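Encoded as structure tokens, the structure appears first; notes follow it.
Nothing in this text is a laboratory measurement; each read-out follows from the coordinates by a stated rule. Keep in mind that this is a model prediction, so the values were computed, not measured. Neighbour counts are summed over all protein chains in view; Cβ atoms, including those assigned to glycine, are modelled from backbone coordinates with ideal geometry.
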Amino acid sequence: MTHVPTELRREVIERAGNCCEYCRIQQDDYFFTFEIDHIIAEKHRGKTTSDNLCLSCPDCNAYKGSDIASLDPETNELTMLFHPRKHNWSDHFKLNGVRIEPLTAVGRVTEFLLRFNMIERVIDRELFGSVGHYPCNS
Ligand SMILES: [Zn+2]
């Protein structure tokens, strides 16, 4: 894992509003420190530049790993994952309560691979939502 310079790290956190750019939970609510994710992983020649970095909670980052695409369960087509710098979250997902429902192929592969709706994660979001902290506004 490449070191992300402090200034760039700060820029990514501020741009994200301290929120996971995949599942939209707030870092302030979470026990573990959020991580700077290479959207296109370094092993695929993704660079450590602002336009390839996003803020991710540890769960999203762990399930995403170095993946950049998956097979859409509806069409079996190879489909790129959600790219927080190129895609608009609400074009690909919608909230049903605190469940994250995909709207597109990009949404379907990302929701599946990052396991947005694992019961433990839904329970966490219900808790954050009950005190008005979910979803993040960013
Ligand atoms: Zn997340």
Using +1 on the beta carbon of Lys and Arg, -1 on that of Asp and Glu, and nothing else charged, what's the dipole of the chain about the Cα centre, debye to 20? 200
By how many nm would the segment from Leu78 to His3 lengthen if fully extended, with 0.36 nm per residue of separation less the alpha-carbon distance? 23.9 nm
Give me Ile40, Ile25, Ile68, Ile119 ranked fewest to most by other Cβ atoms within 10 Å of their Cβ, as a rough exposure proxy. Ile119, Ile68, Ile40, Ile25
What lysines sit close enough to Lys86 to cross-link, taking a C-alpha to C-alpha distance under 16 Å and skipping anything fewer than 8 places away on the same chain? Lys47
Once the piece of chain linking Thr49 and Leu71 is laid out straight, how much longer is it, given 0.36 nm per residue of separation minus the C-alpha distance between them? 5.2 nm
Relative contact order (%) - criterion: Cα under 8 Å, at least six apart; region: segment 15-120: 23
Using Cβ contacts closer than 10 Å as the measure, can you line up Lys43, Lys64 from fewest to most? Lys43, Lys64
Using DSSP, restrict attention to beta bridges with both residues in the chain and report what percent are antiparallel, rounded to the nearest 5. 100
Counting each DSSP H run of 4 or more residues in the chain as -39500 (n - 2.57), what helix-only mean residue ellipticity at 222 nm follows after dividing by all residues, to the nearest 500 deg cm²/dmol? -8500 deg cm²/dmol
Which whole DSSP H helices in the chain pass both tests: a Cα extent of 15 Å or more along the axis and a mean Kyte-Doolittle value no lower than -1.0? 119-130
Quick check on the exposure proxy: order Asp67, Asp59, Asp29 from fewest to most C-beta atoms within 10 angstrom. Asp67, Asp29, Asp59
